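Q: Mind looking over this structure? Questions follow.
The values are calculated or read from the model by the stated rules, or taken from the named source; none is laboratory data. Since the model is a prediction, treat every value here as computed from it, not as a measurement. Cβ placement follows ideal geometry from the backbone for every residue including glycine, while neighbour counts extend to all protein chains displayed. Quick note on the areas: whole protein, heavy atoms, side chains included, nothing else; ligands and nucleic acids left out. Shrake-Rupley method; radii C 1.70, N 1.55, O 1.52, S 1.80 Å.
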Amino acid sequence: MASAVRDQRCRWERKKGRTARELLETERAYVEELELITKLYDEVFRARCGNLKLAQEGICGTIPSIVKVNRSLLMSLERDMAPSGFQNFCEYLHLYKKHADCMEATRHAIQAQLKKKKSFARFMKLQELRPELQGRTLEQQLELPLQRVMGYRRYLLDLVENTFPSSSDCAQLHGALRAVSDVCDHIENLQQQQDNDQQLQRVQRLLKGRRIRIASPGRLFLREGWLSLVPPSGEDVKPRMLFLFSDVLLVTAPCHPLHPFNAHKFCCRAVYPLGECHVERVLGHTTSRGGLISLSFSREKLLFMSSDQQDMNGWYESLVVAVRKHHTENTRHTRTGPLQRPPLMTKSQNVPAARALKRHHVDLSLDVLSPSASQEDPMCKRLKTSERPEERSLESTSSNEGSGWKCVVL
């Protein structure tokens, strides 16, 4: 028994020694890169362009301050004092958080200065051509601290796993691991938020016109793709591009391919709140070619089909998860307070009644509005035939009944 425990301790010591050596080697290279970035981009830029506001704020974020902290950590690693070194290092982890928070603002400031000042663009080009940087741009080098703190979590986890629990170093390593993990979670959440904002902006650019407002706090982009809408009147199926968010489902149709400006965009047909959605699989329960799903709302029922079984299964799972999560959030917010949903449409823009009746636009009494087909292609509008008087009167009477939202899918 004693020999088994002794052998286990020897294995732990060997693994811990390998991790410590790798950590020391990578830390030396990391500190050298930070010193090079500080010298070429911070000190030289401040000396040459000290009158600029960007030079006073710095273009390297908190890297000049991070270098000083990591030099102290490197000295501790060289003396084989990793637990106490990381314990002192955790007191300055707020510099990594601050660097992650100001990363996007620094990038925008650099891009704006590149367009505004030719001298700054020439300076950046000369610095990036230096052989010491190995062709890396400043934006790529600004991500080094974020990548390094992610590596610290992996190294600390290996050190904790290979340290005897009763030793004095284990408690210090556990505390450092918790502090570094909190910073890593903050960085990961920030990156996910930035990726989601980019997706919302991309969808906004794909939509025709500016009546629909996609980007808003709290809205998450989940999925997009083509599905075929099955009309209830027995007509041919119609291709629709669906955009699924955390609170609404946006149904769009492609604009006319010959339109001079909007040929590659989509016009909004309907906006459906997930709070009133019920998802059901009609066909495609077994392995087959394609499937059919039903989306039921308070006054509307949609049927979407696809010939791709895998794609249909993915859409069904995404819709079920999104609806369930949305209902859970609504229940939680109902207990704590009213839930305010950001509108998809600007309130200052109103669709005229005649145009709304003609195009059967989605009319929501909630905060979420829909322009539907109010942004149709003007080239297609000329090809439409005039409506009969009895149909128009029927639509006008039905549109004035009730205050709830109605949706007629085109």
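Q: Using the Cβ atoms and a cut-off under 11 Å, what net charge is assigned to the surroundings of R130, where Lys and Arg are +1 and Asp and Glu are -1?
A: Net of charged neighbours comes to +1.
Q: Can you pull the percent of segment 137-284's accessible area that's carbon plus sulfur, 1.4 Å probe, other chains left in place?
A: Carbon and sulfur atoms account for 53 percent of the accessible area of segment 137-284.
Q: If each Cα of segment 45-170 is one equal point scatterer, what is log10 of I(q)/I(0) from the Debye formula at q = 0.09 Å⁻¹?
A: Debye output, listed in q order: -0.36.
Q: Need the full-extension length gain, E161 to R178, defined as separation in residues times 0.36 nm minus the C-alpha distance. One decimal, nm.
A: 4.7 nm
Q: How much length is gained if the chain between N88 and E143 is pulled fully straight, taking 0.36 nm per residue apart and subtracting their Cα-Cα distance, in nm to one decimal?
A: 17.5 nm
Q: Another question about this same structure. Tell me, in nm to one decimal, what length is gained between D101 and K117 on full extension, where the rule is 0.36 nm per residue of separation less the Cα-Cα distance?
A: Stretched out fully, the D101 to K117 stretch lengthens by 3.2 nm.
Q: Also, I was wondering about something else. What share of the DSSP beta bridges in segment 198-310 is antiparallel, in percent to the nearest 5?
A: Within segment 198-310, antiparallel bridges account for around 95 percent of the total.
Q: Now a separate question. From the square roots a ≥ b ≥ c of the eigenvalues of the alpha-carbon gyration tensor of segment 124-210, which class results: rounded (a/c under 1.5), prolate (a/b over b/c), or oblate?
A: Oblate.
Q: Also, I was wondering about something else. Dipole size in debye (nearest 20) for segment 182-330 around its Cα centre, Lys and Arg Cβ +1, Asp and Glu Cβ -1?
A: 740 debye
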